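Reading through the C-alpha cells given below for one structure.
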Amino acid sequence: MTNRNRIITKESIVEHLWGDEVILTDSFDFVYTHVKNLRKKIIAAKGKNYIKCIYGFGYKFIEN
Amino acid sequence: MVGGGVFLYFAIRKDIYKQIDNSLITEKDIIKDQIEQTETAPDSTATFDHQIEVKLLNYPVHKLQIIKDTVLYNSEIDDNVLFRYFFYSDNIVNKDGYTISIFQILSEKQDLLGTISLYMFGLFLSLFLISILLNYLISKKLWSPFYKSVENAGNFDVLSDKPLDLPETDIIEFQQLNRVFEKMTQKMRVDYLNLKEYNENAAHEIQTPLAIIRSKMELLMQNKSLKKDSLNLIKSINEATTRLFKLNQGLLLISKIENLYFHENKKISLKEIIENFLGNYREIMEIKGIKVELDATDNAIVEMNEVLADVLISNLLSNAVRYNIDNGYIKCHIDNQCLIITNTGMPLKTDPELLFRRFHKVSDNPQSVGLGLSIVKKITDNYKMNISYRNTGNIHETTLTYRSE
C-alpha cells in the first residue's frame, strides 16, 4: 500500500480517476459512493474498516 | 441608348415635317406668282395624297399663313387620314384677295418614320445585347485572377504549412490584392502559432506552481500536530487551489478548441459514449433513485474529435445527474439527427439564455467553475452543431442537433 496512513484528498482521487475531465466535477458524490461501497466489500470479506474519512479533506488508509 | 433613340425619332420627325412644309411653301410661292402675274388662279387639283384649292376673292383680306396637322375623312377607306394643312391668304397688289389651301398627306411619312424607328430600335437593341455579351466575356477573363484569389483566400487553412496559392496576374490592382492576402494569411498563421505556443506555455507554467502548492498542501495536511483552526485554513486553501486548477483547465480547454487544437476527427458513436457514461454513473443514480431510459439507434454517428465528443456528452449527462431530484428520471433519445436529454430537476431560477455563458452558475456550489456549458457551446459551434435548452416547471430538456453520417 503506497499511501498508507496518508491523507488522500478527494480531489486527488478524482484527478487520478478522471484526469482532464476533473473540470466537469462539481461535487464528489461519486467518490463518497465508491468509497462507501469499497468499505462494504472489505468488511464483507472479513476485513477491517481500514478507510477513515478525514472530514473536509478526503480519506486515509489506516493500517493498524 | 434609349435617350439617343428617342432623340433620333424626334429629329427625323422634325426633318420630315420640315421637308413637307418647305415643299408646301414652294408650291404656295409658285401659285402666288401665277396669281399675281396673271390675276388668274390655277385649277384646283385633288389626288389621294395631295389637294390644292385656290380661291380668288372680290374683297381684300389680311395676309395670313397657317401650317398645321389636320385630319380628313376618307370615305373610300372609311377612316380618318392625317394631312399636313397649309393655308395662305394675301391680296393681289392693291386689289382683291385670294386664298391658297394645300393638303399634303402625312400617313405615308408617318409610316416611313415608324419603319425607320423600328429598325433603329432593333439596331440599338442588338448593339446593347452585343455590348453586354462582350462586356461579360471580357469581364470574365479579366476578373478571373481576382475570383481565383478570393476563392483561395477563403479556403485558407491556418493549420497548414503551405503558403497561399495565388494566380499570377498582370493587373496591378489584383497584384496588390494578392500581396494583401499573402500578408494577411501569413499574419494569421503567425498569430495562430503564437497563441498556440502561449496556451501550451501557460498550461505548463500555471499548472506547475499550482501543482507545487497542492503537493505542499497535501504534505502539510499529513502533519498530525496541526490544530483544528490550522486544518480549516488548509482546507480553504486546498479548495481554492482546486478551483483555480479547474478554472485553468477549463479555460485552456476552451482556448484549445478555439485554436483548432483538436482537429483530428473520426467517426464517433454517440450511443457508445452515452452508454459508457451511464455505466460509470450507475451507482450514483441508484443512490438518488434516478430512473434512466435510453432510446438510441446505432446510426447516431458523428465525425468529430474523440476527446471533445466525450467532453460534450459527459458534460450534458453529468448536469442531468447532478441537478436531478431524488427519484427523478433521465430520458435520452438519440438518432442520426439529434440527441435529446430530458430530465427532472428543480425549476430553473436563471435566464436560460445565460446558461451557455462562461462563469455562469446555476448553483452556489463553490466547486462549480461555471464553464461546463460554455465548453459545450464552444464544441457545438466548432462542429456546426446546435445546442438548445428549455425548461418547463420541473422538466429540463436539452437538445443537441448535429449532422450525422
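Read-outs throughout are calculated quantities, based only on the coordinates presented, and are distinct from any laboratory measurement. If you're wondering where the values come from, they're calculated on a predicted model, not measured in any experiment. Backbone-built Cβ (ideal geometry, glycine too); neighbour counts: all protein chains shown.
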Here the Kirkwood hydrodynamic radius of segment B:2-114, Cα-based and in Å, equals 15.5 Å
Restricted to pairs 8 or more residues apart or on different chains, the lysines in segment B:172-258 with C-alpha atoms under 20 Å apart form a number of pairs equal to 14
Chain B, Gaussian network, Cα under 10 Å: of B:E39, B:E205, B:E258, the residue fluctuating most is B:E39
Dividing the mean separation of Cα pairs under 8 Å (6+ apart) by the residue count of segment B:2-114 yields a relative contact order in percent of 25 percent
Expressed as a whole-number percentage, the relative contact order of chain B with C-alpha contacts under 8 angstrom and at least six residues apart is 9 percent
For the protein assembly as shown, the charge dipole (Cβ of Lys, Arg +1; Cβ of Asp, Glu -1; about the Cα centre) points to a positive end, and the Cα of B:L294, B:H333, B:S101 closest to that extreme belongs to B:L294
Per residue, the convex hull enclosing the Cα atoms of chain B spans a volume in Å³ of 361 Å³
Of the listed links A:K36/B:K377; B:K267/B:K291; B:K349/B:K377, those spanning more than 32 angstrom between alpha carbons are A:K36/B:K377
Taking a ≥ b ≥ c as the square roots of the Cα gyration tensor eigenvalues, with a/c under 1.5 meaning rounded and otherwise prolate when a/b beats b/c or oblate if not, segment B:237-296 comes out oblate
For B:L371, other-chain or 5+-apart residues with amide H closer than 5 Å (H placed, Pro excluded) are B:F359
Reduced to Cα centres, the span from segment B:62-140 to segment A:35-64 in Å works out to 117 Å
Calculated from DSSP helices alone, with each H run of at least 4 adding -39500 (n - 2.57) and the total divided by the residues of the protein assembly as shown, [θ]222 nm to the nearest 500 comes to -18000 deg cm²/dmol
From fewest to most C-beta neighbours within 10 Å, the residues B:L308, B:L247 line up as B:L247, B:L308
Cβ density ranking, 10 Å radius, fewest first, applied to B:I206, B:I325 yields B:I325, B:I206
Classified through the alpha carbon gyration tensor (a ≥ b ≥ c as square roots of its eigenvalues; rounded if a/c is under 1.5, else prolate when a/b is larger than b/c, else oblate), segment B:266-401 comes out oblate
Taking every residue of B:216-223, the Cβ atoms of other protein chains inside 10 Å of its Cβ average out to 4
